[in-house]
Structure formats: structure tokens, C-alpha cells
Amino acid sequence: MLDSKVPAGPLAEKWSKHKFDMKLVNPANKRKFTIIVVGTGLAGASAAASLAELGYNVKTFCYQDSPRRAHSIAAQGGINAAKNYQNDGDSVFRLFYDTIKGGDYRAREANVYRLAEVSVNIIDQCVAQGVPFAREYGGLLDNRSFGGSQVSRTFYARGQTGQQLLLGAYSALNRQIHKGKVKSYTRHEMLDLVKIDGQARGIITRDLVTGKIESHEGHAVLLCTGGYGNVFFLSTNAMGCNVTASWRAHKRGAFFANPCYTQIHPTCIPVTGDHQSKLTLMSESLRNDGRVWVPKTKELAAKLRKGELTPADIKEDDRDYFLERKYPSFGNLVPRDVASRNAKEMVDEGRGVGKTGVAVYLDFAEAISRMGEDTVRAKYGNLFDMYAKITDENPYKQPMRIYPAVHYTMGGVWVDYNLMTTVPGLYCLGEANFSDHGANRLGASALMQGLSDGYFVIPYTVGDYLANLGSFAPVDKNHPAFEQTRKEVEDHVNKLLALRGTKTVDDIHKELGHIMWEYCGMARTAEGLTKAKGLIQDLKKEFWTNANVLGENEEMNMSLEKAGRVADFLELGELMIDDALNRSESCGGHFRLESQTEEGEAKRNDEEFTYVAAWEYKGENQPEVLHKEELIFENVKLTQRSYK
Amino acid sequence: MSNLMNLTLKVWRQKNDKSTGQFVTIQAKDIADDMSFLEMLDIVNDDLTRKGEDPIYFDHDCREGICGMCSLVINGRPHGPMEGTTTCQLHMRSFHDGQTIVIEPWRAAAFPVLKDLAVDRTAFDRIQQAGGYVNINTGGVPDANTIAIPKVIADEAFESATCIGCGACVAACKNASAMLFVSAKVSQFALLPQGQTERYERAQAMVDQMDAEGFGNCTNTGACEAECPVGIKLTNIARLNREYLGAKIFSQRDVHA
């Protein structure tokens, strides 16, 4: 059984008590420590800035050309905080409760409570940085509502909240770079973790411009490297998002938890063809005013697909607003997993729309008649523009076509309450860890978690670890572990560069994506997953015998960059299948067809599965070993989720 | 169904920052008009890869028009022919069958070419590091609603804050000036109460860094505004000039110290 190190005591007092109980590093000693931060999104940038402010020396690494490019920047809708500025009954406990319930009771109570507790500090911090959140005419902050909640607690900056929050964290990071407390390495990719005497002591990176393989030493390593949604090839992630840093750390001893928990976001622009490189999300906030529907009959849907009818031709009586019909109390604002599965159900019934038939409508006609086009434009203008650019359709005049797409991964590197992985000194923050969202993440919670981990959790917990090291000595960069790990990375790179087969790395990545989407996507079965495992094993063999990787190491080489990432995705894909097979219940985004209620909702099996599945790597082609962390619920009662 | 087209690309190829580059002609076949411009390049690269040739290196990441990583001067225009659009959001329906498309990297002394179409934009980061922030630490800040900001001011600051840092303004400018980029950040903070305490020092420090990086002087022609994919306005530059003048008169400390 894994020890989550959750402090004892009442839920609401755990974090305060723990902050007092943890050891401190005195200011003069902080500058003797170096902390490595990998990834510069919300979690990484906020952690790096906050740690440097405290006096630690920090090194940051990102694969992009600037820390500001991290994919947090693309988050649209908003960030939750239990401020209760709207006087509508919100509280820390309610945000905690909504998040636990939204995650289908598969998250750790203490972590989620802490997240809700510090959510209020995040908003204060960001406003002080000059983040231009939306405001009311009276000058105070505006809120909107989001899926899975009945209060308005979401702070936003038009449809660009992630951009504004990241630029805030980036500004704090820049301030520390200017002061010399942070050294920023851009266009660098982490390729391995260096351990000395079992502790994380550094990383190996590749300079993506020169190809130089470098060692970097530090007293602690923070992985803030985002999610692994690109294992599906098509997702709403940026093109470069990858699992490599987490995966290589996993192979060095960091357990990987709940990899099968992936979030399929309901409102994305549908796939149009094989050439497609990525999918584009339309913010969930659109469901505040947009109404989701398909025609009531297959015949009408067929005519729409052929272009014989337009959406405007479908009479009100012939439309099925299926979310409003099935979930009268939450309506179009049901959580993401529920909305996604229902869209799939409509398409599977033959009532899908658009040329491909793999889409449902998101209609703003009612909102436009109620509020006027100008108000709708003010609220969602940039999203409507983006939709128009991609589809060449005007969403003010006709309903948007939407369909679910892979968006977020709740699973990730296992961490304890202190955000430390199973490797001492190695931490994992933000989407890259598994900790706060259970089996389904609610909207506007990812930004909250990234910033909570970075601004308000890690500055305390990493200090406790460093204070307990018992030494202020610099990490010995001449230790043989650095040379040994660097050599292994070089061998891996050379092995990839020796591949001179007939398939491109993209060919293999696309095949992997098809397998994952088909068998480990919105609906999963034991039979399908078993088949997928074989397919992935074959594909992995094909990759290592028949992939084609061009060029050499000592140059900017995107063929090599992709190959390294896809090699890791192939291994992760297999673990996701193992995890999905093991978890024969349905919960949140993990829907096993064998386990559903009479109404077709996800049916949990709390007797057997109220645990975190944390997997231990055992070597090349060896089955991973399952460790369980029991989830203990003392403050909420486990119920069948209902949004009716 | 989508229409297919064949195109002739004249692409800047350059091995690395030390070599000299040249235009290379490449044919792009069977390109669908609903593809994005970068998906067209993906297909060209896929072709090159299958032939064992080095694919064209270009910067890109989010492909949603927000990260600012993509660039490209397309037929002489940064981010191509469509207004208010990044290259990743530009679609092939803006082109026609048989067309020749010239694709170049950003051209500016402060943005050296790294390979093919990718340039080094770290100068932008260094300008932000010089002063693009409010000097506060994590924690110890007042409740968010203790600062009331008139909606019109907040909205204007937001407009300035939406700069994606792509560098199109520099690429569009005859002098490769970074004034629009710098002014957007200076404006955001000059407008907001949070930015008041350091407004003049900030303007001075960021302008000094901009000059040190080798960006040119403002031409006042407005090419930057015309090519900006997110609509950052020239009024920001006017405000930067006022802030800079203010810095000369009112600055409380020597920012070079």
C-alpha cells in the first residue's frame, strides 16, 4: 500500500497544520540549493518564480523557444476560486465537494480540499500581477458558471484566461531571470532523470538547436511537463506536448498513476480528414449560452448530412436538445464526461450531423435573440472568430458543429500530499501529476491546480525535503551517475537515428492514435482493450524495426524529436490499456461498457476500486507492477453521480 | 467536398545559423482547401521525409493562434494574406490552384535564423525580463476585489495584454522595430493601477533593452498594426512614447543602476 502522507486531523485544518509542521530552510541556506524545474506552463513558471523569490537557485527548461509558449496559454474558459463574490452560496467546502464529485470519487480528499482552500489566494495573486480579468461595470471582478457546478465561481479573461494567467506567471518568472535567480533554458528537452543514492539529483537534456546532450545538477527536480493527450495523435494539445519527461522519470522509479483516466472534451471542432494535425477546442463556457441538439429522427439527420436541409430548416419540434431533456437540472452544463458520452450516443444512433455525421450542433440562436448579437460577441467573440476561420462557417448565422476530442489527462505521475513522487527529491506538479481531478476534471480546474501547485504548495513542501537532507553541499556533478545516464541517453538517441525503415514516425503515431481512440477512448471493453494491447505491441515492434528517422543529432532535427516522443507514447499506450483493463468499473472519463447503470451512466464499483492504481516500471517488455493507494472518504458520502 | 490544388513553393532553406540560405522550389500536390497552411507544410514534409530528404524546419506549437510560436512571411506578408490571423490559423482556401507561394522566415537582425524558417526570438524574452512585470512576490497581496478597476480601463488593458509575442510586427517593419511589442506590455501596466508605481522605470528599462537588442526605430508607417495577428493597436505606441517621455522627466531612480 502506498503512503500518501496525508496529515492527520480535520480536513479543514490539515494544510495549515502541515505548513507549521514542515521544516523550514533559513534564508541564508536557501541560496545553497538549486532546484530544477522542467516545463514552464502555469505549474512550472509559478513554481520557478515563487522558489526563486524565496532565495533558491532555479533552472527552468522548456522545449519551446520561450517559456511563454507553454500550452497552458491555450486554456480558454477560466479559473475557479471559492471567493463567493457572487453571494450565491459558494464556499471552500462546496468547491471541494464539486471537484470530488465531478471526479467521480476517485481523487484524494485532502489534496482537493487544499486546492479549494488556496484557490482564493490564486485570484489575489494574479490580480496583483496585473492579470486583466473580466470586470463588472462597478469595477469588481466578474464571474461565470461552468460545467459541473451550480454557482458562478469562474474568473475569466474573455476566452483567453490561460494566456493571461500564463503571461502573469511568465512575468513573475522573468523578474527572477532578470535578478539572476533563475537560469532559463529554452529549446531544451529533458531526456532523463539522474539519481544518486536513490534521490533525484539532476536531469539530462538535449539542446534542440545544437543537439548537445547536457547534464544539469540540482537538489530537487520538479516535473511540470503537462499531460499525455497526444498519445491519441489527435488531441487539443499543442503539437509538441509529450510524455517523455514523465515517462523517463517513470522508468527511473516514479510510479505512474491512473493512466487510463483521460478527458474527452465535449465541445471541439469535429475532425474533417486524414491530413488533420490537431483538434481545436471550443471553450466549455459556450455551453452557458449554447444549446446542444441533434434532429429527433435519423431521416432528418441524413438529409442534413447530404446538405438537402440546413439546420434552420429543422423545426423546433423536430429538434432533440438531448442534454436538457435527459438532465433537466444541469442541462447543457453537465460535466464533460457526461456531455461527451451523450454526443457519442447520438452519433452512434445515426443522428449525427455535418458532412461526416460525426458531430452535434451547438446553437446560439436562442442566446442571440435573448441577449443580442453584440452581447454574444462580447462574451465569446474570439471563439466564434476561431470557429469561423477553421470551418469557413458563420456561427452567428448557423449552429456550430462540435464533437468530443481528447483534451486532458487526469492520470499522471503518482505524488504524495507533498507532491513528491516515489523518487525522493523528484516532484510532479500540474497536469503531469495525477492528484486532484480523480477520474474526471471539471472545467476551469486545470488552471487552478497548476497555479495552486506552483505558487502555494511546492514552495512549502520542497523546503521540508531540503531541510531534511542534512547537508547544504552542492550536488557532485562529477558523480559517475551523471556520466552513466548521459551515456544511456546518447545510446538511445543513436538507436533512434539508426532507424532507416519505410514508415515515417508520424505514420506510426497516427496508427497508435487510431488504436487508442478506438479501444481506449470514450467507451472501453475488456475484449477491445485486450485486442488493443496486442496491436500496440506489434506497432512498437514495427517502430523499432521499420521507422524512418532522418538526419543526425548535431542539428535541429524534428524527425529525431518526434521519434523520441513517439517511442515513449507507445510504451505509455500499453500501460494505459493495462490500467483500463484492470479497472473493470466505470468512473468519470473511464467508461467500461460492462459497467453502466440502467440509464447508461458510468457505474462505479466502490467495493473493489476505491483506490489509485499506481504502476511501477520493471524493465523493458516486463509487465508493470500495480500498487494501490486506498482512497479514504471521511467528509463526503460516495453516491452515484446524478446531474438530472 | 474540399477542392484539391497544386502549388509551387519557394521556401527559404538554411542549414543552420552559420550557413547562408537560399530559396528552394518545392511542389506541393493535392492540397485540400480546408487544410491549414501548416498542415500543407506537414504534407510537404511527409513527402520529403519519405524521399529521405530533410524536412523543412518551422516553428509551431498550439496551432490555435495563441502560443505565438508560428511565424513565416508568406508572399511578403507576416502570417500570410488573411488579416488578424496567425499562420497556423490560415487555411488553404486563401490560395488557388497553380499559385506560387514564397515562404520566408522573419527577417530582422535581432532575430537570427536558426534553421530554414525558424528564428531566434529570445530578444523578446530579454525585453520582458528587463521590466515587463509588477515587482511583487507570491503571497501577501490584498484581496482581489480591493482594487476596483473601471471596466473600460480593464478591457483596454486586456486588449494590450493579448499580444502573443510572435514577432510579426518586427517582420513587417522596414526598420525591424519592436515598438508595437514593447508598447503592448508597457500599455497594459500603464493603464492598470497595479502598474503605476513603476510605470516610468518600466518604460525606460524595456526601451533600453529593445535598443540594446538591435531593433530599429519606429517608422510611423503602421505596418506592424496592419500585420499584427491579434490586432494590437498603434495607440499603444503613442502611449509608450508618452510613458517614455514621462520616464525622462519623472523617473524616481536610475534604472541602469
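Determine the shape class of the protein assembly as shown: with a ≥ b ≥ c the square roots of the Cα gyration tensor eigenvalues, call it rounded for a/c under 1.5, and otherwise prolate if a/b is greater than b/c, oblate otherwise. In terms of gyration-tensor shape, rounded.
By DSSP, the beta bridges lying fully in region B:1-130 are antiparallel in about 80 percent of cases.
Going from the fewest other Cβ atoms within 10 Å to the most, the residues B:C218, A:C428 appear in the order B:C218, A:C428.
Each Lys or Arg adds one and each Asp or Glu subtracts one; over the other residues with Cβ under 15 Å from the Cβ of A:N548, this totals -3. Here the gap between A:Q484 and A:D207, fully extended at 0.36 nm per residue and compared with their Cα-Cα distance, gives a gain of 97.9 nm.
Working note: Debye formula, equal point scatterers on the alpha-carbon atoms of region B:115-178, no solvent; log10 I(q)/I(0) at q = 0.21, 0.24, 0.27, 0.29 Å⁻¹ is -1.08, -1.20, -1.27, -1.29.
Rounded to the nearest 20, the Cβ-based charge dipole of the protein assembly as shown about its Cα centre (Lys and Arg +1, Asp and Glu -1) stands at 1320 debye.
When only Cα pairs below 8 angstrom with a gap of at least 6 residues are kept, chain A shows a relative contact order of 20 percent. Given R0 = 22 Å, the distance between the Cβ atoms of A:M371 and A:R325 translates into a calculated FRET efficiency of 0.40. Measuring between their Cα centroids, region A:317-387 and region A:206-243 lie 35 Å from each other. Region A:151-282 gives an Rg/Rh value of 1.01, both radii derived from C-alpha positions and Rh following Kirkwood. Counting only alpha carbon atoms, the long axis of helix A:42-54 and the longest principal axis of chain A meet at about 40°. Using C-alpha pairs under 8 Å with a sequence gap of at least 6, the mean separation divided by the residue count of region B:30-146 gives a relative contact order of 23 percent. Using Cα atoms only, what is the angle between the long axis of helix A:458-467 and the major principal axis of chain A, expressed in degrees (0 to 90) to the nearest 10? Roughly 20 degrees between the two axes. Each other residue within a Cβ distance under 13 Å of A:N605 adds +1 if Lys or Arg and -1 if Asp or Glu, for a net charge of -1.
Spatially, region A:570-593 and region A:63-81 are offset by 28 Å when compared through their Cα centroids. A simple rule links phi to the HN-Hα coupling: the Karplus curve 6.51 cos²θ - 1.76 cosθ + 1.60 with θ = phi - 60°, which for region A:514-531 gives 4, 4, 5, 5, 5, 10, 10, x, 6, 9, 10, 9, 4, 5, x, 5, 5, 5 Hz, with x for Gly and Pro. For region A:427-545, rounded, prolate or oblate, judged on the Cα gyration tensor with a ≥ b ≥ c (square roots of eigenvalues), a/c < 1.5 rounded, else prolate if a/b > b/c? Verdict is oblate for region A:427-545. For chain B, modelled as a GNM whose springs connect Cα atoms under 10 angstrom apart, the maximal fluctuation among B:S177, B:S19, B:S160 occurs at B:S19.
Of B:H79, B:H96, B:H60, the residue with the greatest mean-square motion in the GNM of chain B, using alpha carbon springs below 10 Å, is B:H96.
Structure note, pairs A:K344/A:K644; A:K32/B:K115; A:K344/A:K637: Cα-Cα distances above 28 angstrom occur for A:K32/B:K115; A:K344/A:K637.
Potential lengthening of the chain between A:E616 and A:L24 amounts to 210.0 nm, from the contour at 0.36 nm per residue minus the alpha-carbon distance.
Expressed as a whole percent, the proportion of Cα-Cα pairs in region A:215-269 lying more than 14 Å apart is 64%. Among the listed pairs A:K212/A:K477; A:K30/A:K183; A:K195/A:K477; A:K195/A:K495; A:K533/A:K603; A:K303/A:K355, a Cα-Cα separation exceeding 19 Å is found for A:K195/A:K495; A:K533/A:K603.
Can you tell me how region A:1-150 classifies by the Cα gyration tensor, rounded, prolate or oblate, using a/c under 1.5 as the rounded cut? The shape class here is oblate. Per residue, the convex hull spanned by the alpha carbons of region B:183-256 comes to 94 Å³. Under a 5 Å amide H cut-off, with hydrogens placed 1.01 Å from N, A:R319 pairs with A:K296 among residues at least 5 apart or on other chains.
When A:H18, A:H514, A:H590 are sorted by how many other C-beta atoms sit within 10 angstrom of their C-beta, beginning with the fewest, the order is A:H514, A:H18, A:H590. If you take all other residues with their beta carbon under 13 Å from the beta carbon of B:G140, and give Lys and Arg +1 and Asp and Glu -1, the sum is -3. Coupling constants for region B:69-79 follow from the phi torsions by the Karplus curve (6.51 cos²θ - 1.76 cosθ + 1.60, θ = phi - 60°), and in residue order they are 7, 6, 9, 6, 9, 10, 6, x, 10, x, 6 Hz; glycine and proline get x. For the peptides A:592-601, A:562-571, residues were scored by their other Cβ atoms within 10 Å and the scores averaged per peptide; the highest-first order is A:562-571, A:592-601. Take each residue in B:35-46, count the other chain C-beta atoms within 10 Å of its C-beta, and the mean is 3.
Ranked for footprinting exposure by Cβ neighbours inside 10 Å, fewest first, A:S16, A:S149, A:S435 give A:S16, A:S149, A:S435. The H on the amide N of B:A32, modeled in the peptide plane, is under 5 Å from the matching H of B:M5, each at least 5 residues off or on a different chain.
Distance from the C-alpha centroid of region A:493-548 to that of region B:39-56: 21 Å, rounded to the whole angstrom. Entry note, region A:97-226: relative contact order of 12 percent, from Cα contacts under 8 Å with a spacing of 6+ residues.
Values in this text are rule-based calculations from the coordinates and carry no lab data. This is a predicted model, so every value here is computed, not measured. Glycine gets a Cβ as well: all are built from the backbone with ideal geometry, and neighbour counts include every protein chain shown.
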